[in-house]
Structure formats: structure tokens, C-alpha cells
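K.L.:
First the structure, which I've put down as C-alpha cells, then a few questions once you've had a look.
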Amino acid sequence: MNGKRIKDLPQFERPREKLRARGPQALSDAELLAVLIHTGTKGKSAVELASALLKEAGPNLSRWGLAEFTRFAGVGEAKACQILAALELARRHFQRGPGRVETPQDALPYLAPIRDRKQEHFVTLTLNGAHEVIECRVVTVGLLTSSLVHPREVFADAIADRAAAVILAHNHPSGNPEPSGDDRALTRQLVEAGRILGIEVLDHLIVTKTGYTSLRERGHLA
């Protein structure tokens, strides 16, 4: 586009008008992102800015957070929040699929966003009586111990969802999926809390970029 503003383009080439006329499938990745960010910068159209952002992020775009987006010249906090909201909405709907969890492997696609995080993320999957996923949520971020991950926070959403069961999960940034003493203690505490509430803890998974451990399979949920 060589610095052209979007409003200087013929209408059929403008991303928003193109989407309206031909549907989102007709747009390139850069054009879709340009619709989200809406405006460019001095000397760069929204499409050019989007193209540069996609080139910089590469395959890690879906893993970028607010800090990464706002460090990119021309993307302020408002634009970054719009992009993050769209990515999260797409991720949630993509995850839902059939949604039935019978084995630890069935739960892994829901945990993909946390597997390579540099901080520990504790996640709950709430399930109905047929073990179909209702929702996947991050409960807390940071060093996980039984004093920091409280049953109140873990089960609050499960109660609101009228869930019959939950699967607990967190990542190990070290890359070692072996459960620590704190992991085992936390699991026992949450299993007992679930029994009191009538919400079964089906498993506690520890995930890394390359593997996982099921504490149920290790016998720590008895």
C-alpha cells in the first residue's frame, strides 16, 4: 500500500468493506487484523501496521500478551486489548468442540495456552454430568502452594456453572512435569474440598511444553 491511508483506497480494497461484501474468509490475515486495530500510524496504513505486527510475532501471535503488543510501535493499550479480546474469544470457541473429557489426553487441548508459559498458571475445567466441558478458566498465576490456591477460588466458578466435576491443571515452567510435594498437598486439599461440596475432582494435570503428568494415574487422588 506504500503508506496509503485505508480511506484513500478504492472501497472494494478496504478491509471492512471487503468483509461486508465478501465475508471474513475473503480477507488476508493482515486485513483481518487491520479491521481489529482500525487505524494505522503516520506513514503506515492499518493493513501495513498489521502486516508488520504479524511478521514480528510470527507463529507466537496467539501467545503474545499485553506487554508484547504494546511494545510494538503503533499498537497502544486500546488496540492491544482489542486484539487480545478477539484472540481469547476465538480460542474459547475453538476449544469447546465436542468437549467430552474421558482421559487426560482429552483435556490437553484446553491446556495448550499455558503449556509454555514462563509463570505457573492454575486452571480449572468445569464439567457437567456427562463430563462435557462447560468452561476452562485461569484461577491464579504465580508460584502455586496450598496457601495461595484456595478452594474458595478454585470451586467458585464450578458452583456458578453448576458443575458436577472439575479437572485441575497447572504448568511447570521448568519443563519437568513431576509433581512436587506442594503439588501433592494442594491436590489432597482440593480433592477433600470437592468431596464436601459434592463436586468431584477427576484429575490434576501438570503440563509442560513437551509432556504431562496425571496425579490420578499416579494415585494421588485417592
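Any read-out appearing in this document is the output of simple, stated calculations on the displayed coordinates, not a laboratory observation. Keep in mind it's a predicted model, so treat the numbers as computed, not measured. Methodologically, a virtual Cβ is constructed for each residue, glycine included, from the backbone with ideal geometry; neighbour enumeration extends over all protein chains shown.
K.L.:
Kirkwood Rh over Cα pairs of the chain into Stokes-Einstein at 4 °C, 1.567 mPa s: D in µm²/s? Write down the numbers at each step before the final one.
P.N.:
Numbers: Rh = 19.6 Å.
Result for D is 66 µm²/s.
K.L.:
Over all Cα pairs of segment 15-93, how is the pair count split among 10 Å bins, expressed in % and running from 0 up to the last occupied bin?
P.N.:
Taking every Cα pair in segment 15-93, the percentages come to 19, 54, 25, 1.
K.L.:
Taking a point 7 angstrom from the Cα of R162 along the C-beta vector, which residues in segment 115-142 have backbone N less than 14 Å away?
P.N.:
Once the point is set 7 Å along Cα→Cβ of R162, 127-130, 134 turn out to lie under 14 Å by backbone N, inside segment 115-142.
K.L.:
Given H placed on each backbone N at 1.01 Å, which residues far from V201 in sequence or on other chains put an amide H within less than 5 Å of it?
P.N.:
V166
K.L.:
Return the single residue from T140, T187, T210 with maximal mean-square fluctuation; model: Gaussian network over the chain, springs between Cα atoms under 10 Å.
P.N.:
Taking springs between Cα atoms under 10 Å, the residue moving most is T210.
K.L.:
Right, next: Residue-wise, which Karplus ³J(HN,Hα) couplings in Hz belong to segment 37-46, taking 6.51 cos²θ - 1.76 cosθ + 1.60, θ = phi - 60°, and x for glycine or proline?
P.N.:
After applying 6.51 cos²θ - 1.76 cosθ + 1.60, I find 7, 6, 10, x, 10, 4, x, 9, 6, 4 Hz.
K.L.:
Additional query: Sketch the reach of a paramagnetic label on E17 as a point 7 Å from Cα along Cα-to-Cβ, and name the residues of segment 37-54 whose backbone nitrogen lies under 20 Å away.
P.N.:
37-41, 44-50
K.L.:
Mind giving me the FRET efficiency for N128 and E217? R0 is 22 Å, r the Cβ-Cβ distance, nearest 0.05 is fine.
P.N.:
Values: r = 23 Å, r/R0 = 1.05.
About 0.45, to the nearest 0.05.
K.L.:
What does the extension gain come out to for I196 and R92, with contour length at 0.36 nm per residue minus their alpha carbon separation? Intermediate values should be presented prior to the final figure.
P.N.:
Values: separation 104, 0.36 × 104 = 37.44 nm, distance 2.97 nm.
Net length gain for the segment: 34.5 nm.
K.L.:
Can you work out ³J(HN,Hα) from phi for every residue in segment 61-75, in order, using Karplus 6.51 cos²θ - 1.76 cosθ + 1.60 and θ = phi - 60°, giving whole Hz and x for Gly and Pro?
P.N.:
Karplus values, whole Hz, x for Gly and Pro: 3, 5, 9, 5, x, 4, 4, 5, 5, 6, 6, 7, 4, x, 10.
K.L.:
Something else now. Helix-only mean residue ellipticity at 222 nm, the chain, DSSP H runs n ≥ 4 weighted -39,500 (n - 2.57), per residue, nearest 500. What is it? Please list the in-between numbers first.
P.N.:
Working: 8 runs with 90 residues, N = 222.
When only DSSP H runs of four or more count, the value is -12500 deg cm²/dmol.
K.L.:
Taking R0 as 25 Å, what's the FRET efficiency between R100 and S174 from their Cβ-Cβ distance, rounded to 0.05?
P.N.:
On the way: r = 31 Å, r/R0 = 1.25.
Once the sixth-power term is evaluated, E becomes 0.20.
K.L.:
Anything over 29 Å Cα to Cα? Flag those among K44/K209; K42/K118; K18/K55, in the order listed. The partial results should precede the final answer.
P.N.:
Details: K44/K209 37 Å; K42/K118 35 Å; K18/K55 23 Å.
Violating the 29 Å Cα-Cα cut-off are K44/K209; K42/K118.
K.L.:
Here's another thing I want to ask about it. Quickly work out the C81-to-S62 label distance, labels modelled 7 Å from Cα along the C-beta direction, and quote it in nm with one decimal.
P.N.:
Each label point is offset 7 Å from its Cα along the Cβ direction, giving 2.5 nm.
K.L.:
So, counting K/R as plus one and D/E as minus one, what does the shell of residues with Cβ under 14 Å around V191 add up to? Walk me through the intermediate numbers first.
P.N.:
Details: positive: R184, R188, R195, R216, R218; negative: D183, E192, E200, D203.
Residues near V191 contribute +1 overall.
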